[in-house]
1. Residues in region 213-242 that are out of contact with any helix residue (DSSP H, G or I) (no Cβ under 7 Å at 6 or more places or on another chain), of a type in the set (D, E, K, R) and more than 20 Å from E132 (Cα to Cα): how many?
2. Do we have any residue at all in region 69-89 that's under 16 Å from the mean Cα position of the chain (by Cα), farther than 23 Å from W240 by Cα and touching a residue at least 60 places away in the same chain (Cβ under 8 Å)?
3. Among the residues of region 185-201, write down those that are crowded, with 19+ Cβ neighbours inside 10 Å and either under 18 Å from Y117 (Cα atoms) or among the acidic types (D, E) (or both).
4. Tally up the residues in region 1-32 that are in a loop (DSSP other than H, G, I, E, B) and in contact (Cβ under 8 Å) with a residue 40 or more places away in the chain, please.
5. Looking only at region 202-223, count every residue that is crowded, with 19+ Cβ neighbours inside 10 Å, in contact (Cβ under 8 Å) with a residue 60 or more places away in the chain and either polar (S, T, N, Q) or part of a helix (DSSP H, G or I) (or both) and tell me the total.
6. Quick one: would you say E63 is of a type in the set (D, E, K, R), surrounded by 15 or more Cβ atoms within 10 Å (Cβ to Cβ), at pLDDT 95 or above and on the phi > 0 side of the Ramachandran plot?
7. When only residues in region 224-239 that are assigned to a helix (DSSP H, G or I) and within 19 Å of the chain's Cα centre (by Cα) count, which is surrounded by the fewest Cβ atoms within 10 Å (Cβ to Cβ)?
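The values are calculated or read from the model by the stated rules, or taken from the named source; none is laboratory data. Predicted, not measured: the structure shown is a model, and the values here were computed from it. Every residue, glycine as well, gets a Cβ built from its backbone with ideal geometry; the counts of neighbours run over all protein chains shown.
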Amino acid sequence: MERSCERAIELGLPAVAFTDHADFVKVHEDQYCVDIAGYLDSVERCRTKFPGLRILSGVELGEPHWFPAETAAVLSVGPLDNVLGSVHCVKLEGEIVDASQLRDREGVDLAAATREYFGEVLAMLEADQPFETLAHLDYPKRYWIEGAPPYKEKDFEPEIREVLKAAARTGRVLEVNTTRGDRLCPDMTVVRWWRELGGQAVQYGSDAHSPDKIAAGFHVATQMVEAAGFKPARDPVSLWRR
């Protein structure tokens, strides 16, 4: 976290946000659920060490609708500036599978699994869980199988529109995730649908995971979001709104 703060200062950023993972399904060996008390202590240490940098706290809740008690326990420890909700996993034939693992499953129907994913995102949005921002809406796009027909937003338009309508109806914010500068999740097509369907606000996340990726891709993302009809606030840390 300290190296990330140093990198943010090098880049001239006014702020940095740490939204660590609170995942309750273990599908990877290095996966964990944030030690929220220790995390908040680390945030305070960084705020003391870097007084000129605005440091925002946060958490990314993984499948919170599957784990309401565990989610409540994490959020009860202390106030957070940002709470994101995300889906990483789907249930296929009774097995919980992370979308990043779909490309390793022999004979998987990728389109059907992706529709299952969007159905799970919709269920999360409708489950009245306490998060403000919908993170990486089209997460499976990151891990699309090489050689498969390319991922196209139009192929999943009905499912994505239902997700966006639910997010707008419940007052959520749409995250534009730059995937460490690799790709935009979602892209211009979906952000335009978001505005069309009543979405009010957008925020950015680089999903950095390491200091060298802090804010990677933000320049392209801001150009895209502005072209889709959202405008920045005077406070550089505030949401972009329609």
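1. 2
2. There is at least one residue in region 69-89 that is under 16 Å from the mean Cα position of the chain (by Cα), farther than 23 Å from W240 by Cα and touching a residue at least 60 places away in the same chain (Cβ under 8 Å).
3. If the condition is that a residue be crowded, with 19+ Cβ neighbours inside 10 Å and either under 18 Å from Y117 (Cα atoms) or among the acidic types (D, E) (or both), then C185, P186, V190 are the ones that fit.
4. Final tally of qualifying residues: 8.
5. The qualifying residues number 1.
6. Values: of a type in the set (D, E, K, R): yes; surrounded by 15 or more Cβ atoms within 10 Å (Cβ to Cβ): yes; at pLDDT 95 or above: yes; on the phi > 0 side of the Ramachandran plot: yes.
Criteria met by E63.
7. It comes out as M224.
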